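Worksheet for the structure shown next.
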Amino acid sequence: MVAVSWSTEFLSSQRVSGDDEADRFIETQFTDTSSKLAFQQWLNSLGSNEALRHLPAAYQCPPVSPALQLPAWANRHMMANGAAFFAKHAEQIMQLLGLLSLPYCYAAADGAKVLHLSQRLTHDAGKRLTDTASFVWDVLSPRAFAPGGKGFTAILKIRLTHAAGRYYLLRAGTWDFADGYPINQEDMAGTNLAFSLIVIRGLRKLGHSISYADQQAFLHLWNVIGSLMGIREPLITHDGKSANLLEQAIRTRHFKASEHGRELTRSLTAYFTGAISSRVTEKEIRQLMRYLLGDEPANLLGIDEPVPVHLPYLLRINSAVLAFTPGETADAAWYRKSRTFQRR
């Protein structure tokens, strides 16, 4: 991997482009209604990774044709350890995606604008969260990148969906290029960190002691996912230190109050309140978000509820209750927890 300095100049250069291969592919498929419909039907039909071994002639080009290839630096052993780490902490990682990772993304005003324009979270938060959860289960499965897994196909679907989003936003005539390119390289790198590094931080706030090896394995797995999603090599961090430095640089550049971010946060908390109102109040959800995010990002999002002094203690008890079952394999834990999650 390439080590770089996360300078303002470098990161600014990453805001002016999306994903060249995917963008060219979408432009080719969207030349007429018939081609667009055929592409959408094919994309929706993708199931396991095996579906990418026999491609229609029109799709035998990047980024589809090499979609089954891991980056040259990918370490299968570390990826397996990263998946095992997820299986061990799956319930709380899935909770953190909604209570920490997504609000963290909303605190970046420019990225929140794109999410708001998509209207998926403000108009159908439940569907967006369910889709995100399904993606995470697919890419973090112990067999995600095996022939019968769904990791490669899940990643390709999101990569091409992002490209389609850029296609429509740019042609709507309302996009302000002062905000950079929609779904640009810097924003994609920030989102990848929100699902990896920020989750590690959240687990530690919940009382977990995470080893350096487990941290590296989980970050490495998300590095692989990010690379397959079209994030360029200079934005793939190679260790915890560089991940922290990149996160800090992006946060410093883009965290600021915005009505888009606050509206997305209100939509998210309203969804959680409706989904689990019998067990927790909206105030308690927002208190937990503030505890996980920290004061500064929470203030930007309008999460003003004070954190109870006893909350960290209760969270540590909750962490112990959700602990990994001794002797359970990663495959068994992933299967059991994914089935439980889907029944909720």
>> Give me the extension gain from Ser242 to Ala178: residue separation times 0.36 nm, minus the current Cα-Cα distance, reported in nm with one decimal.
In response: 20.3 nm
>> So, R0 is 45 Å and r is the distance between the beta-carbons of Arg24 and Ala257; what FRET efficiency does that work out to, to 0.05?
In response: 0.80
> Given C-alpha coordinates of the range 206-274, what is the ratio Rg to Rh with the Kirkwood estimate of Rh?
Replying inline: 1.08
> With each label point set 7 Å from Cα along the Cα-Cβ vector, what nm distance links Glu305 and Ala51?
Replying inline: 3.9
> For the chain, what mean projected area does the convex hull of the alpha carbons give, in nm²?
Replying inline: 17.0
> Stretched out fully, how many nm does the piece from Asp124 to Asn44 gain, at 0.36 nm a residue minus the Cα gap?
Replying inline: 26.9 nm
> Can you work out the FRET efficiency for the pair Asp295 and Cys61, with r the C-beta to C-beta distance and R0 = 51 Å, to the nearest 0.05?
Replying inline: 0.60
> Which FRET efficiency value, to the nearest 0.05, do you get for Val16 and Ser211 by plugging their Cβ-Cβ distance into 1/(1 + (r/R0)^6) with R0 = 45 Å?
Replying inline: 0.70
> In nm, to one decimal, how far is the modelled label at Tyr168 from the one at Ser34, with both set 7 Å along Cα→Cβ?
Replying inline: 2.4
> Where does each of 259-268, 39-48, 215-224 land if you order them by average Cβ count within 10 Å, highest first?
Replying inline: 215-224, 259-268, 39-48
> Using a cut-off of 13 Å between alpha-carbon atoms, which aspartates and glutamates can reach Lys150, once sequence neighbours fewer than 8 places away in the same chain are excluded?
Replying inline: Glu50, Asp138
> Percentage of Cα-Cα pair distances in the range 61-204 greater than 25 Å, rounded to whole percent?
Replying inline: 32
> Volume per residue, Å³, of the convex hull around the alpha-carbon atoms of the range 161-227?
Replying inline: 101
> Taking Lys283 as the anchor, which lysines have their alpha carbon closer than 26 Å to its alpha carbon, excluding any fewer than eight residues away along the same chain?
Replying inline: Lys113, Lys127, Lys205, Lys256
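No value in this document is a laboratory result; all are computed from the given coordinates. Note that the structure is predicted; figures quoted are calculated from it, not measured. Counting neighbours? That spans all protein chains shown, and the Cβs are built from the backbone with ideal geometry, glycine included.
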